[in-house]
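Please read the structure below before turning to the comments.
The values are calculated or read from the model by the stated rules, or taken from the named source; none is laboratory data. Quantities reported herein were computed from a predicted structural model and do not represent experimental measurements. Cβ atoms come from the backbone with ideal geometry, glycine included; neighbour counts cover every protein chain shown. Please note that ligands, DNA and RNA were not included when accessible areas were found on the heavy atoms of the full protein model with its side chains. Shrake-Rupley method; radii C 1.70, N 1.55, O 1.52, S 1.80 Å.
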Amino acid sequence: EPYSCISDWIHQHYHLTRHLCIQCKNNIYIKFQTDIHPPIIAFQLSQPDQGRDIPYIETTLAWSDSSNKTVNYQLYGIIYFGEAHYTARIIDSEGKVWYYDGMTNGGNLTYNGNLNTTNIHLERQGQKRPAIVIYAYADEV
């Protein structure tokens, strides 16, 4: 079952795998849990050829560890793929969004606007779709 956003996936307690137990033949579920908060978290998203929709890309995530301590993560990057080519968007701590395509603009960043003041559609960059989203530790809740 696809998730509408990354937070939905994070807050699921158990995730169904495509594997079966070799003894009882029942579905195998995994539980994703951390004991610490990593400084950076990256999520690989399904690609269009896998027949799944792209989840909504949130600019902040709340993540709880095994002791239920919750911290916020801020979106800092999106890597896009399409037409056999990767590009990226980089978001700074002030919400400024920069676009990077090594094949255009002399390999320099291009300013796209500010997430706080501009409606920037993060789920697409031209014909490219997000392949990886990158979050970094922001603060404790």
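Structure data summary
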| read-out | value |
| --- | --- |
| Residue ID - least open to solvent (accessible area, probe 1.4 Å), chosen from residues in region 103-127 that are of a type in the set (Gly, Ala, Ser) and without any contact (Cβ under 8 Å) to a residue 12 or more places away in the chain | 107 |
| Test result for residue 33, of a type in the set (S, T, N, Q), at pLDDT 90 or above and either over 20 Å from residue 125 (Cβ atoms) or not in a loop (DSSP other than H, G, I, E, B) (or both) | no |
| Only listed residue being exposed (fewer than 13 other Cβ atoms within 10 Å of the Cβ), closer than 30 Å to residue 119 by Cβ, β-branched (Val, Ile, Thr) and at pLDDT 85 or above, chosen from 17, 60 | 60 |
| Count - residues of region 123-141 that are outside any loop (DSSP other than H, G, I, E, B) and within 13 Å of residue 81 (Cβ to Cβ) | 7 |
| Among residues of region 79-125, those that are hydroxyl-bearing (Ser, Thr, Tyr) and closer than 21 Å to residue 138 by Cα, counted | 2 |
| Output for region 128-137, where each listed residue is at pLDDT below 90 and open to solvent by 30 Å² or more (accessible area, probe 1.4 Å) | 129 |
| Residue that is least open to solvent (accessible area, probe 1.4 Å) [pool: residues in region 66-89 that are within 20 Å of residue 127 (Cβ to Cβ) and of a type in the set (A, V, I, L, M)] | 78 |
